[in-house]
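To start, the structure itself, in structure tokens.
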Amino acid sequence: MSAIALSDRQGRAASTGMWLFIASIVMFYGALFSGYVLLRAGSTVWETPWRTGLAAEWPIAVDHWFRTMWLGIAVMQSRRLSGTGVPVAGLPRFSWVIALAGTAFVWRCADIAGWLASRGLVPATSVPLACWYVLTGTVALLVAGGTIAAVWVALEPVPAVQRARRGAMLQRYWLLMFVLWITTVGGLYLV
Amino acid sequence: MRALTDHKTLGIAYANTSGVFMVVGFLLMLLFRWQLAWPGQPIPIATAIFGETNAPGGILLPEFYYQLVAMHGSVMIFLAVVPMAVGALGSYFVPLQIGAPGLAFPRLGAAGFLTYLAAGLLMAASFVLPGGAANSGWTSYPPLAILASSGQTVWLVGILMLGVSSMLGAISLVATVVAYRAPGLTLMRLPFFVWSQVMTALLLLLAFPALQGAAVFQLMDRVAGTSFFLPSGLAVSNTPLAVSGGGNPLLWQHLFWFLAHPEVYVLILPAMGVVAEVITAHARRALWRYGLMVGAVVALGAWSMVVWAHHMLLTGMSTTLSSFFQITTMAVSVPSVILITSLVVTLWGGAIRYTTAMCFALAFLPMFGLGGVTGLPLGLGPSNLILHDTYYVIGHFHYLVAPGTMFALFAAIYHWFPKITGRRLNERLGLVHFIGSFVAMNAVFLPMFLMGIMGVNRRMYDAGLQYQLAEPTLAWNPHMTWNAVALGVFQLVFLFNVVWSAKRGEPAENPWQATTLEWATTSPPPAGNFATPPVVTGGPYRYEEERA
């Protein structure tokens, strides 16, 4: 098998693998989200702390706007990694920016969870709060995974073509993270 | 880790590990079958092995009995049959059958195996925890599962890990088929086994995450005190539970069965693939209506994801929803029938060789058929009302998985053993193994249909001693248990055959003169599989050419 043919195959395998991984994540998150929808639809009362007095202390809209912005930065940077599989100059730098934005997002999620817990609002308090913890926590975990992947792309010394391919994979993943986060915010606060 | 990046080593590692788990699952079954045959009678040396807390005076306590039953189901499905059918056979033979030098992501495949091994060891080790292993059935229904002992938490962690393992293995397998096929090997020239493995991998990828999501919810309920599956006002032993409530136990059932019904097809599709390979090679005939079979296997996989709630027909769902799931359940039998019919018609006019592999493959057809046909009454509301939670259900799914999938796995081992070792398994011992297994397996499971029709509940620790309706069936249980023992004895013949033949069996390169690509290389295959990359110019089954 020639080197070019092998590279083509590796590229196709990587692309297929990434799409399958994304499909699997979508199904996982879909199970969590559909659980939330079923629980919420089946409840006559759905009292969330941010609708019953906590909103004044916790500026939800601003907080989530910031978190969405961090993810947005990550996605925008990931789009610069590679759209076509062509090697991109400065790729490690973009990867570091993504990693930073991802870290900021995860830190903010953990901070908010700690803040709620310090007021006695733990997952066991009510089903709405439990849903909040699980859905936002899951996105935070997935973002943490993407952050580690971005660091890996930045650090591992591999040929430029291979690095560009990894950049393209990273781009798809971060787009997925953005969609998941928008779905979470919309589902938890706007519906 | 490095050795496991070779797909053949990986396949053998899966085969050995899942084989060990199969023995463990079988031994668990023998233990609880003793209790069903002779309720309350002491098992010799049981106290010495399981301790006074589980088996005082050699008598299994109900709590321990339910651990055995739950772990038998979990081990057999998640740790034995699926890893054997997908991890072992898929990893070893899919790259060979498509002319690839290996898996697309060897490290991913190896990581998947190690995750599976860790999950299996964790779940098995949970027997030593205070309160023992998981004891809420392999379905882990809440609220029972949330109130159960700590083994249930370990079970949930194990399930999460198995989901990760399945995902890694499935991604590697599908990407291999997409990107690493030999030149000329178009999709419609793929061996049917490869199609079945790809569909199985896709089912694992898309269905297992639902169970992982459910497992996260249940873990939260158990560890963090949430109430995803606990309704308000729940009381245990007249004491209200100190939880917020507001959850819904049926949510678990929906999420669980969204995986667990496709899981049945995860068990069956690779078996269909194996049987197709064996029948073509040993009947010297190309598959009848190959294209139709491919369409059927794709349809079966896709359709299996919209039938899950037939497991929940008695949960009070609306008539409309119930009707929808009854219709989809009846409809899913159409592609199954197409597959079985194609396999049977393939035999027509064939030059059949009654090798052990072929005997197991032929036995699969009626056994799987019986399992499938007996599923139809369970998919319809009125008959489900009578048969739900009875031994009929046990008989039904064991016919699909035990004489069904297991026979196909044996067919695969007898058929591909020469490819793996370069030697044939002894045919005489093989036939003893086949006949013994066939008789014993049916003697164990066939009476269960009658027991179920008579109304005997599947979950009774004492086999129904206290129920008049179960009285006539009590005498059957000892016979079923002795046949289960006999089944084990015949597997010893098989194990002896494997060990003996691996060293002293008759040398063989391609004893069946099979035409699929895995036989185009040496047996066992070298590193990289093929000395020169193969080029494919036709379909996988070229048996008509030898007749011409």
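Taken together, the values in this text are just the output of simple stated rules run on the coordinates, not laboratory data. Just so you know, these numbers come straight off a predicted model, no measurement behind them. Every residue, glycine as well, gets a Cβ built from its backbone with ideal geometry; the counts of neighbours run over all protein chains shown.
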Taking the Cα centre of each part, how many Å lie between region B:370-447 and region B:201-245? 33 Å
Given unit charges at Cβ for Lys, Arg (+) and Asp, Glu (-), the dipole magnitude of the protein assembly as shown about its Cα centre in debye, nearest 20, is 1680 debye
Run lengths n ≥ 4 of DSSP H only: what is the helix-derived mean residue ellipticity at 222 nm for chain A, with -39500 (n - 2.57) per run over all residues, to the nearest 500? -27000 deg cm²/dmol
What are the principal axis extents of the Cα atoms in region B:420-494, in Å, biggest first? 56, 20, 19
Give me the number: length gained by fully extending B:Ala224 to B:Glu471, i.e. 0.36 nm times residue separation minus the C-alpha to C-alpha distance, one decimal in nm. 84.4 nm
Descending semi-axes in Å of chain A, equivalent ellipsoid built from Cα gyration tensor: 37, 18, 12
Three principal axis extents, largest first, for the C-alpha atoms of chain B, in Å? 76, 47, 44
Working from the alpha-carbon coordinates of region B:1-97, get Rg over Rh, Rh being the Kirkwood radius. 1.18
Any chance you could check the Cα centroid distance between region B:93-149 and region B:503-519 for me, in angstrom? 32 Å
At R0 = 56 Å, FRET efficiency that the Cβ-Cβ distance of B:Met454 and B:Arg2 yields, to 0.05: 0.50
Express the relative contact order of region A:3-190 as a whole percentage, based on alpha carbon pairs under 8 Å and six or more residues apart in sequence. 30 percent
Report relative contact order for chain B in percent, whole number only (criteria: Cα-Cα under 8 Å, sequence separation at least 6). 16 percent
Compactness summary of the protein assembly as shown: radius of gyration and Dmax from Cα atoms, Å, are 26.9, 85
For region B:387-455, convex hull volume per residue from C-alpha positions, Å³: 61 Å³
So what's the gap between the Cα centers of region B:275-322 and region A:153-191, to the nearest angstrom? 35 Å
Once R0 is set to 60 Å, what does the formula 1/(1 + (r/R0)^6) return for the Cβ-Cβ distance between B:Ile435 and A:Thr44, expressed as a FRET efficiency to the nearest 0.05? 0.45
Figure the gain on full extension for A:Val37 and A:Ala144 (residue separation times 0.36 nm, minus the Cα-Cα span) and round it to one decimal in nm. 36.0 nm
Distance in nm between label sites at B:Ser333 and B:Gln41, each 7 Å beyond Cα in the beta-carbon direction? 3.9 nm
Measure nothing but the geometry: give the 0 to 90° angle between the long axis through the Cα atoms of B:356-373 and the longest principal axis through the Cα atoms of chain B, rounded to 10°. 40 degrees
Helix B:151-179 sits off the longest principal axis of the Cα atoms of chain B, rounded to the nearest 10 on a 0 to 90 degree scale, by 20 degrees
Helix-derived mean residue ellipticity, 222 nm - over chain B, DSSP H n ≥ 4, -39500 (n - 2.57), to 500: -20500 deg cm²/dmol
Once the Cα atoms of helix B:106-125 and of chain B are each reduced to a long axis, what angle between those two axes, in degrees from 0 to 90 to the nearest 10, is obtained? 30 degrees
Calculate, for B:Ala531 and A:Arg108, the FRET efficiency according to 1/(1 + (r/R0)^6) with r their C-beta to C-beta distance and R0 41 Å; round to the nearest 0.05. 0.10
Could you check the spin-label model distance between B:Leu147 and A:Trp152? Points 7 Å from the Cα along Cα→Cβ, value in nm. 4.3 nm
Within region A:149-187, backbone nitrogen closer than 16 Å to the virtual label 7 Å beyond the Cα of A:Arg93 toward Cβ: A:154-155
